[in-house]
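Structure record follows, encoded as structure tokens.
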Amino acid sequence: MAARRRERAVGRSAEQSRRLGAGEAGLCAANIQQAEPRAWFSRLRKAGGLEMKWRTILLQYWFFLVTYVFTALEAVPIDIDKTKVKNTQPVDSAKIEPPDTGLYYDEYLKQVIDVLETDNHFREKLQKADIEEIKSGRLSRELDLVSHHVRTKLDELKRQEVARLRMLIKAKLDSLQDTGIDHHALLKQFDHLNHLNPDKFESTDLDMLIKAATSDLEHYDKARHEEFKKYEMMKEHERREYLKTLTEEKRKEEESKFEEMKKKHGNHPKVNHPGSKDQLKEVWEETDGLDPNDFDPKTFFKLHDVNGDGFLDEQELEALFTKELEKVYDPKNEEDDMVEMEEERLRMREHVMNEVDTNKDRLVTLEEFLKATEKREFLEPDSWETLDQQQFFTEEELKEYENLISVQETELKKKADELQKQKEELQRQHDQLEAQKLEYHQVVQQMEQKKLQAISPSALVENQRSSHTFEA
């Protein structure tokens, strides 16, 4: 029976693949064994990452692009316990779509990576490079040795990107209608390429692209937390403003309903500590369909390394928390906010990364994972506080935010008043033009009447005779 449940695990992993956006079916660890060794990628990912080749270099030094690197590459082989997983079917890695980094130059970054992958010399150097070589810019100098064909493609990509940025600047200038703005100064705010040489892709461009992506992606989580905090403050602000519009009786009813919904939301099953043995065993049993008595961390790691690259990246980790989140959040319930659910998922992932990712490259290796299972915290973790047990902001922060909103509303009202005045002025000018047009039409009619009156009666009679003679 246990064997049949293990076999079902492969099919269940398809659900994880859909959550990760990693392709059709769950890429199981048995598929890893069939892959051709890619030592250069292993070095690249250990160096730190972006998440698809360059994402593996950056954010862990490009962590968001790791999956992308492997749409064309196969994974590092990992030995697997075949008694645990059976009859797995390989998945075409070409069907794995890279996730969006969220950077405004995301498409340019991916295209540069695609082109650099085609050069054997650059790939060989990358295979031997460590993260310090990449960050210091020494690897970027190897660009001078890539083939002419590759350089030509990179030049064209840069020209297209510069043209795109100039179009953005032109749109901004048109909206501001300010011809005194320095175009070159505006270009400098786009720091992922060298604007002094808009036609050629040089080593400086690669170096700037690496540094820009590293910096931007490292601040990605912080920005998400700030946006969530603003979201919660806006919710509370709107709730309080709505209460002000109600009668005393209605206000009490709404307050009572609000407290009841909070209580209902907080009444949920115990949430396991993220990354603890209890939490992972629950995934092992309910998601993978395996016997909890057979729980094995090594097999668990390989089952949930969905893209088979030998690492648990951030998306693969976040997928492990779905069962825990379902205990607290249900999209059908009015009291459950799905925005809060995603914030909870982010917090869980960050917590596990802080505990397990010892080299801070934003990727969890098998070695790191197994070491974490040996810690006391894995077996006897502290209780996990969900968002409903925490305060997102203080009253002082809310007041400050409301003041900011008030200032913005005042500015918007001022602009609205100005637009209304402009509208009224345009309407006045329109009415004035219509009046002038009517007056002009009346003058023309009067002139035509005067011309007719100026013709003598004898001339009219003569004209009538001439007309009759012609008809005869």
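Read the figures in this text as sums done on the coordinates, not as results from a lab. Since we're looking at a predicted model, the values are computed, not measured. With ideal geometry, Cβ positions are generated from the backbone for all residues, glycine too; neighbour counts draw on all protein chains shown.
Brief remarks on what is shown
- Computed from the Cβ-Cβ distance with R0 of 35 Å, the FRET efficiency linking Glu439 to Thr410 stands at 0.20.
- Pairs with C-alpha atoms separated by more than 29 Å, drawn from the list Lys250/Lys323; Lys270/Lys375; Lys222/Lys327; Lys222/Lys250; Lys128/Lys323, are Lys250/Lys323; Lys222/Lys250; Lys128/Lys323.
- With neighbours defined as other Cβ atoms within 10 Å of a residue's Cβ, the residues Val444, Val112 order from fewest to most as Val444, Val112.
- Between Gln389 and Asp291, the contour length at 0.36 nm per residue exceeds the Cα-Cα span by 32.0 nm.
- With 29 Å as the limit on Cα-Cα distance, the pairs of Lys230/Lys257; Lys235/Lys263; Lys158/Lys415; Lys244/Lys264; Lys415/Lys437 that go past it are Lys158/Lys415; Lys415/Lys437.
- The modelled label-to-label distance between Arg159 and Asp431, using points 7 Å beyond Cα along the C-beta direction, is 5.7 nm.
- Note on Asp106/Thr247: beta-carbon distance plugged into 1/(1 + (r/R0)^6) with R0 of 56 Å gives a FRET efficiency of 0.65.
- Region 222-390, relative contact order in percent, only Cα pairs under 8 angstrom and at least six apart counted: 28 percent
- Gain upon complete extension [Asn333, Glu380; 0.36 nm per residue less C-alpha separation]: 13.7 nm
- Virtual spin-label span in nm between Lys235 and Arg123, 7 Å along Cα→Cβ: 4.8 nm
- Additional length obtainable on full extension of the chain from Glu418 to Glu342, 0.36 nm per residue less Cα span: 23.3 nm
- Neighbours of Leu243 by Cβ distance under 9 Å: Lys/Arg scored +1, Asp/Glu scored -1, total +2.
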